[in-house]
Amino acid sequence: MKRTLTPVFLLLLSFTFFATDLQAQTVPSQQGAGGVSAREDLLEKEATLRDVVTTPKEAPSVEVPVDQEAQIPEGEKVLVSRIEVTGATLLSAREIRKIIAEYEGKELSMRGMQEVANKITDAYRQRGYITSRAILPPQRIENNVLKIEVLQGTMGSVDVQGNRYYRTSLIKKRIQLKKGDVFDYNKLKTNLGVLNQYPDRKVKTVLTPGQEQGTTDLVLNVEDKLPIHVGLSYDNYASKYLGRSRYQGTLTHNNLLGFDDIFTLTYQLGEGHNTYRLSSARYLYPLSSETQIGFSISKSQLELGREFANIEARGKSKIYSVYLTHDLISDGVLDLTLNAGFDYKDVFNFQLGDETSRDRLRVARLGLKWDRADAQGRTIINNEIHQGIPNKGGALGDRDDNGLAAPNPSRSGAGGEFTKNVVDVLRLQRVGAERTLLLKGQGQLSSRALTATEQYQLGGIFNLRGYPSGEAVGDHGFSTTAELSSPVPFLAGSIKAPGSKVATLREALRWVVFYDWGQVSLRRPTSAEYKHRTLTDWGVGLRYDLPENFSVRVDVAWPIDETPSDENHMHGWVKVSKDF
């Protein structure tokens with residue numbers, strides 16, 4: 001009997017220790033579905049901001065007829081006691097008075113009288129009314145009064161030429177100057193900026209005299225191409241638990257229904273068939289030249305490997321978003337954009353088939369983006385307030401409450417109610433003729449403890465490149481980067497870049513050196529968590545960009561003080577992409 005019980009007892013004892021060991025393995029929240037979803041958001045924002053800040057703003061091309069000034073003879077001088085200006089409705093009486101005051105009470109020749117009219121014309125043109133002008137009507141100077149008439153140029157017809165894939169009516173609609181309106185060059189430049197913000201369409205404008213006196217016609221010369229694109233990319237930006245490698249395909253239509261509306265499908269696959277899958281769809285529709293509304297949906301599934309393979313750690317997420325952007329200012333130099341949105345987030349994690357956490361968040365967003373270009377570079381400041389709304393649409397309660405005995409949030413003490421302030425500041429500064437310095441500061445402050453989906457992360461390609469993805473997380477977090485970029489020295493400008501018909505190797509290949517710093521802190525940390533954590537690194541990299549929409553990015557970074565959790569003292573990051 002003893003011999004029979006002993007093997008059974010040993011088997012039960014072994015199973016108990018094995019089960020205890022499995023339970024002891026806790027998946028860090030940043031490596032679960034919520035943390036991976038947060039990194040995807042950071043990667044997308046990082047790529048968008050870098051692309052915008054490094055792209056020069058192009059001034060709209062407008063061909064303006066050059067006025068041939070007639071030579072005015074000096075002529076005899078006559079006393080002008082008062083100057084009377086008629087037809088000037090776009091300049092205030094005070095502005096007109098400031099111009100003419102210095103000429104009144106003086107003897108003026110014909111050339112002097114024309115000088116007064118020219119100064120009024122210049123004042124109009126400085127405000128963008130380039131087809132308006134002041135003239136001297138035929139007159140006799142009676143009672144020492146000089147008469148000046150202002151002819152305010154108006155808008156004539158609009159002719160669209162050369163377009164194949166974008167409707168004529170759509171292009172005309174983007175020109176907000178209507179027939180009979182006073183011709184405003186600044187408004188025209190803004191409208192052309194809207195037309196040219198789409199990558200598959202470039203519009204140049206020629207101004208011609210209209211059929212009616214005082215009018216100006218527009219000829220819009222359009223160069224467009226098929227607005228359907230396929231993009232392929234590879235990178236190793238995933239965490240070690242997902243195999244590092246990621247493969248992505250995108251399908252984009254930049255004029256889906258013919259309204260400048262953009263539709264994008266994305267599919268991303270991890271290294272193994274089951275390690276990671278992400279699919280998303282996004283649709284952006286212009287309500288007007290200044291306002292756009294967008295919708296997006298994304299779904300992901302992941303299965304962690306390495307030490308978490310035995311406990312079958314996996315997760316899934318569903319995120320639905322609606323958002324609105326409105327341009328408050330857009331003049332070709334300064335863009336000020338108001339944005340608002342709402343996110344519906346459901347994130348679930350599992351171990352051994354059982355649900356271990358559930359983050360259901362409903363988040364409203366309101367923000368302002370300031371984007372200014374100058375002679376030395378470009379600056380972007382983006383600030384958003386995120387407000388978690390508890391107990392609505394199945395959302396978490398205000399704190400650590402899922403209701404109905406459901407699994408708790410991914411982090412103890414977190415809930416559906418929070419206020420989070422997110423800030424991004426980027427400055428691209430020219431340093432000499434060919435070098436640029438990118439300065440970047442990003443961070444967030446939170447009123448409460450956050451779930452993994454909302455926490456700030458350090459580590460990975462988007463900030464601390466000397467550390468693995470998701471190395472450190474916090475409710476508060478800040479990171480800064482300084483990155484100097486320059487052409488590779490000693491490369492002759494005559495060598496053609498491989499894979500390109502037009503670019504030289506010196507234009508396509510650049511090297512970078514960078515320094516990253518970041519700090520995160522947790523609200524109400526447990527005994528096993530840190531209150532604050534600070535990371536720093538430095539590194540070098542290469543950029544290879546061709547006008548044929550092919551790019552390679554390589555970064556290699558080394559931590560400066562704290563040893564990474566994977567004990568790897570060098571981290572390399574690679575991305576290769578091609579758009580068709």
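The values are calculated or read from the model by the stated rules, or taken from the named source; none is laboratory data. Since this is a predicted model, take the numbers as computed values, not measurements. Here the Cβ is made from the backbone with ideal geometry for all residues, glycine too, and neighbour counts use every protein chain on show.
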- Message: I want to confirm something. Restricting to the range 347-365 and keeping residues that are surrounded by fewer than 19 Cβ atoms within 10 Å (Cβ to Cβ) and modelled with pLDDT of 95 or more, which single residue is farthest from residue 188 (Cα to Cα)?
- Response: 364
- Message: Condition first: in contact (Cβ under 8 Å) with a residue 24 or more places away in the chain and at positive phi. Can you find one or more residues in the range 278-287 that meet it?
- Response: no
- Task: Under 6 Å between Cβ atoms, at least 6 apart or on separate chains: pull out the pairs that start in the range 343-370 with a residue that is more than 30 Å from residue 293 (Cβ to Cβ) and end on any residue that is buried (at least 19 other Cβ atoms within 10 Å of the Cβ) and among the small types (Gly, Ala, Ser).
- Result: 349/32; 349/33; 349/315; 349/357; 351/313; 357/410
- Keeping to the range 311-356, report how many residues are touching a Pro at 6+ places or on another chain (Cβ under 8 Å) and farther than 18 Å from residue 453 by Cβ. 1
- Sort out which residues of the range 559-580 are surrounded by 15 or more Cβ atoms within 10 Å (Cβ to Cβ) and part of a strand (DSSP E or B), and write them in order of number. 559, 571, 573, 574, 575, 577, 578, 579
- Query: Taking the stated definitions as given, is residue 96 touching a residue at least 24 places away in the same chain (Cβ under 8 Å) and either over 53 Å from the mean Cα position of the chain (by Cα) or outside the structural domain of residue 177 (by TED's automatic domain parsing) (or both)?
  - Reply: yes
- Query: Taking the condition closer than 28 Å to residue 242 by Cβ and assigned by TED's automatic domain parsing to the domain that holds residue 231, does residue 473 pass?
  - Reply: yes
- Task: Could you pull out the residue among 313, 309, 340, 281 that is outside the structural domain of residue 185 (by TED's automatic domain parsing) and closer than 18 Å to residue 261 by Cβ?
- Result: 281
- Query: Given the conditions (1) within 18 Å of residue 321 (Cα to Cα); (2) modelled with pLDDT of 95 or more, and given that residue 394 satisfies all but one, which numbered condition is not satisfied?
  - Reply: (2)
- Considering every residue within the range 537-555, establish whether at least one is exposed (fewer than 14 other Cβ atoms within 10 Å of the Cβ) and without any contact (Cβ under 8 Å) to a residue 12 or more places away in the chain. no
- Task: With the checklist (1) modelled with pLDDT of 90 or more; (2) assigned to a loop (DSSP other than H, G, I, E, B); (3) more than 30 Å from residue 302 (Cβ to Cβ) in hand, flag the one item residue 216 doesn't pass.
- Result: (2)
- Message: Among the residues that make up the range 417-424, is at least one of them surrounded by 15 or more Cβ atoms within 10 Å (Cβ to Cβ), in a strand (DSSP E or B) and hydroxyl-bearing (Ser, Thr, Tyr)?
- Response: no
- Query: When you go through (1) within 30 Å of residue 293 (Cβ to Cβ); (2) in the same structural domain as residue 556 (by TED's automatic domain parsing) one by one for residue 204, which number turns out not to apply?
  - Reply: (2)
- Item | Positions within the range 366-395 being out of contact with any helix residue (DSSP H, G or I) (no Cβ under 9 Å at 6 or more places or on another chain), basic (Lys, Arg) and either surrounded by 15 or more Cβ atoms within 10 Å (Cβ to Cβ) or part of a strand (DSSP E or B) (or both), in sequence order | 369, 372
- Query: Within the range 304-338, which residues are closer than 26 Å to residue 279 by Cβ and assigned to a strand (DSSP E or B)?
  - Reply: 314, 315, 316, 317, 318, 319, 320, 321, 322, 323, 324, 325
- Hey, any hits in the range 502-517 for a residue that's in contact with a helix residue (DSSP H, G or I) (Cβ under 8 Å, 6 or more places away or on another chain) and among the basic types (Lys, Arg)? no
- Query: How many of the residues in the range 142-164 are over 44 Å from the mean Cα position of the chain (by Cα) and on the phi > 0 side of the Ramachandran plot?
  - Reply: 2
- Query: If we keep just the residues of the range 304-318 that are crowded, with 21+ Cβ neighbours inside 10 Å and within 29 Å of residue 252 (Cβ to Cβ), which is modelled with the lowest pLDDT?
  - Reply: 315
- Could you name every one of the strands (runs of 3 or more DSSP E) located completely within the range 39-142 that has at least 2 residues being farther than 30 Å from residue 464 by Cβ and in contact with a helix residue (DSSP H, G or I) (Cβ under 7 Å, 6 or more places away or on another chain)? 82-86, 133-135
- Pick from the range 520-535 the residues that are free of Cβ contacts under 8 Å to residues at least 60 places away in the same chain and part of a strand (DSSP E or B): which of them is nearest to residue 476 (Cα to Cα)? 521
